[in-house]
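What follows is a set of notes on a single structure, which appears directly below.
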Amino acid sequence: FGLIRHLVGRLGPPPHDAAVRVGVGDDAAVLATPDGFDWVVTTDSLVEGVHFLPATMAFVDVGYKSVAASVSDIAAMGGTPTVCVVNLAVRDGLDARFLNRLYVGLKRAARRFSVELAGGNVTRASELSLTIALLGEAPARTPGRHLARAGDAIYVTGTLGDAAAGWRLLDGRLRASSTWHKKLVDRYLNPAPRLAAGRALARTGLRVAAIDVSDGLIQDLGHVLERSRVGARLDLCAIPLSPAYRAVMGEDRALALGGGEDYELLFCMAPAYSECELGHRLGVAVSRIGQIVEGRRLLVRETDGRERRIDPRGAGFDQLGSKA
């Protein structure tokens, strides 16, 4: 993230006549057109040895997840994905059978999220990587990381930590019964971005700060706090855990706080609705997990009621690929 800040600083200010309505610092950019119709665009990569290992992740899953990760960025902006292009970097030792399996996953994701695969590029590289550039329709009012204000409630959809637990089950660091193993691994390999929830948030007409949980709850909340220049208090007991997560981790919330790739939505808004009402509007379970406060600090209330301060830059899914 320090590298991202350095590179962004090298770009300089945008030109006054730029068509970029939302630029660097969010999950995706929003581009204005002369006729008043806005597009949302994002790009993301899966790199062998950084985001996946062939020994624990089939190529069909790599193809699916590469699209799903970008779709989740569009969901955080309240948009609707439409079309993508693919850049495929292939290392030696991979043949047409690999490409076939990879594209089975790509097409499965494209069908699920109503995205058209419109072309791309293939090149040789020292490791396998797959980069998706995804275009979508922007909503009339776009959520953004910079929109959190003191007094807002902090919410999250679904449950957290499942994907991180699934990853650790695949590489042998955790053990689980076959039922829980399958559920957690599926959350890691086959994420379901919250597109409908993101669109519903954008339609509320309220000011909404939102981000998808890809790097982990603490780090992703930290991005919102940094952009909005505010702080937060989180209630550890309020963080939602699935039965599968509890079966493997008990009440240990370390992976729910710092694990990545759940692709749930984290959002901040005025507490105008109850959790039940929000869940009904968004079509998914919603949990209120904290509050935005004045000051540049992140405090977590433990199960015993004590508070500790956390540096969001030091807690999260440790990978080399991060969103600018």
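Multiply the residue gap between H6 and T56 by 0.36 nm, knock off their C-alpha separation, and tell me the result in nm, one decimal place.
Roughly 14.6 nm would be gained on extension.
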> In Å², what does the accessible area per residue of the chain work out to with a 1.4 Å probe?
Replying inline: 46 Å²
> How do H181, H6, H51, H280 rank by accessible surface area computed with a 1.4 Å probe, from largest to smallest?
Replying inline: H280, H6, H181, H51
> By how many nm would the segment from R229 to A254 lengthen if fully extended, with 0.36 nm per residue of separation less the alpha-carbon distance?
Replying inline: 6.4 nm
>> How large is the accessible surface of M249 in square angstrom, using a 1.4 angstrom probe and rounding to the nearest 10?
In response: 40 Å²
>> If you consider only alpha-carbon coordinates, what radius of gyration and Dmax does the chain have, in Å?
In response: 19.3, 58
> With point charges of +1 on the Cβ of Lys and Arg and -1 on the Cβ of Asp and Glu, referenced to the Cα centre of the chain, which listed residue (H6, V85, G166) lies farthest in the positive direction of the dipole?
Replying inline: G166
>> Could you derive backbone 3J(HN,Hα) for the stretch 267-278 from the dihedral phi with the Karplus parameters 6.51, -1.76 and 1.60 (θ = phi - 60°), listing whole Hz in sequence and x where the residue is Gly or Pro?
In response: 8, 10, 7, 4, x, 7, 10, 6, 4, 5, 5, 5
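Of Y245, Y273, which has the most accessible area and how do the rest follow, probe 1.4 Å?
Values: Y245 0, Y273 55 Å².
Heavy-atom accessible area, descending, gives Y273, Y245.
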>> Just to verify a number: FRET efficiency for E294 and A196, C-beta to C-beta distance, R0 = 45 Å, to 0.05?
In response: 0.85
>> On the Cα set of the stretch 79-132, report Rg and Dmax in Å, please.
In response: 12.0, 38
> Compactness ratio of the stretch 86-172: Cα Rg over 2.2 N^0.38 Å, N = residue count?
Replying inline: 1.55
> So, in Å, what gap is there between the alpha-carbon centers of the stretch 56-77 and the stretch 274-289?
Replying inline: 25 Å
>> How many angstrom lie between the Cα centre of the stretch 165-223 and the Cα centre of the stretch 112-149?
In response: 17 Å
> If you build a Gaussian network model of the chain, linking Cα atoms that sit under 10 Å apart, which residue out of L94, L147, L257 swings the most?
Replying inline: L94
> For the stretch 1-156, what is the largest minus smallest coordinate of the Cα atoms on each principal axis, given in angstrom and ordered from greatest to least?
Replying inline: 50, 36, 34
>> Can you compute the helix-only [θ] at 222 nm over the chain? Use -39500 (n - 2.57) per DSSP H run of at least 4 residues, normalise by all residues, nearest 500 deg cm²/dmol.
In response: -10000 deg cm²/dmol
> When the Karplus curve 6.51 cos²θ - 1.76 cosθ + 1.60 is applied with θ = phi - 60°, which whole-Hz ³J(HN,Hα) does each residue of the stretch 196-201 get, with x for Gly and Pro?
Replying inline: 4, 5, x, 5, 5, 4
> If you roll a 1.4 Å probe over the stretch 113-166 with all protein chains in place, what percent of the accessible area is carbon or sulfur?
Replying inline: 46 percent
> Once all Cα-Cα distances of the stretch 211-275 are split into 5 Å bins that start at 0, what whole-number percent is in each one?
Replying inline: 4, 14, 25, 26, 18, 9, 4, 0
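The values are calculated or read from the model by the stated rules, or taken from the named source; none is laboratory data. Bear in mind that the values here come from a model prediction, so they are computed numbers and not experimental data. Glycine also receives a Cβ, built like all others from the backbone with ideal geometry; neighbour counts cover every protein chain displayed. In case anyone asks, the SASA skips ligands and DNA or RNA and just uses the protein heavy atoms, side chains included. Shrake-Rupley method; radii C 1.70, N 1.55, O 1.52, S 1.80 Å.
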